[in-house]
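Trainee: Before we start, here is the structure in question, set down as C-alpha cells.
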Amino acid sequence: MRFAYGWSRWVFLVGNVAIKIPRLRPLHWISRFFFWKSQGKFTERFETHFKCNPVVGVWRYLCNGIIANIVEHRIYQKHPDLPIAPTLFSFLGLVNIQVRGKPLAESSLPNCPFRTIAKLHPQFVDLADIRNFAEINGKIVLVDCGPQHGFPTFEQILLTYKEQAPVLFLSGIELQKSPLF
C-alpha cells in the first residue's frame with residue numbers, strides 16, 4: 001500500500017485500485033482567511049479564484065475534495081469513452097475507488113492525452129503534470145479530473161479533446177482517428 005495526497009484529496013494505492021478521500025483543511029482556510037483579510041484582498045481573492053461571491057467560494061474551498069470526487073465520478077459516468085481513469089465506485093463524494101494505473105516517466109508527457117488542449121488552456125495545470133497521468137490497459141489516461149474552477153469548465157475542455165479524437169498509444173508512433181478516443 002502507498003499513500004499520496006494532493007491539494008484536496010488523500011489517495012491510498014492498494015493493489016490495483018486507488019481510493020480517494022476528501023482532504024478537509026479548515027485550519028489552512030482560516031489562516032488564509034486572516035492573511036487575505038489583513039491584506040484587504042479577501043473578496044477579490046475569492047472572486048478571482050472561484051468566480052463567485054465569497055460565501056460560495058468558502059463553501060467550494062472547504063468541500064473541494066468532496067466536489068472533486070463527485071465531479072470525477074460524474075465525468076466518468078457521462079463519458080466513459082474519454083481517456084480518464086475508470087471510477088469503479090463512489091459514495092456521496094466521501095470516497096472514490098478508481099482503477100490504479102502504472103506511473104509514467106516524465107518523457108511520456110508529450111504522449112499524454114489532452115496535451116493539445118493543455119496548450120490552449122494553461123489554467124488547467126493538471127494537464128501539464130505527469131503525475132496526473134498513468135497507463136491503464138496499454139493506454140495513457142488522466143487519473144485526476146476533479147474540479148477545476150473557471151470557464152470553460154474542465155469537463156468542457158475534456159469534451160473538446162473528445163471531438164478532436166486522437167488516439168495516442170504508448171509507443172507514441174501510431175496515431176489514428178477514432179470516435180471514441
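The values are calculated or read from the model by the stated rules, or taken from the named source; none is laboratory data. What you see is a predicted model; the values in this text were computed from it and never measured. In this analysis, Cβ positions are derived from the backbone assuming ideal geometry, glycine residues included, and neighbour counts consider all displayed protein chains. Each accessible area value is taken on the protein alone, full model and side chains, heavy atoms only, with ligands, DNA and RNA left out. Shrake-Rupley method; radii C 1.70, N 1.55, O 1.52, S 1.80 Å.
Trainee: If I go through the range 6-33 residue by residue, how many of them are assigned to a helix (DSSP H, G or I), at pLDDT 75 or above and surrounded by fewer than 11 Cβ atoms within 10 Å (Cβ to Cβ)?
Mentor: 2
Trainee: What strands (runs of 3 or more DSSP E) lie completely within the range 57-146 and have 1 or more residues being within 30 Å of Arg32 (Cβ to Cβ) and of a type outside the set (A, V, I, L, M)?
Mentor: Correct list: 87-91, 95-99, 133-136.
Trainee: Quick check on my filter: what residues within the range 54-94 are within 18 Å of Arg9 (Cβ to Cβ), out of contact with any helix residue (DSSP H, G or I) (no Cβ under 7 Å at 6 or more places or on another chain) and open to solvent by less than 60 Å² (accessible area, probe 1.4 Å)?
Mentor: Cys63, Asn64, Gly65, Ile66, Ala68, Asn69, Val71, Glu72, His73, Tyr76, Ala85
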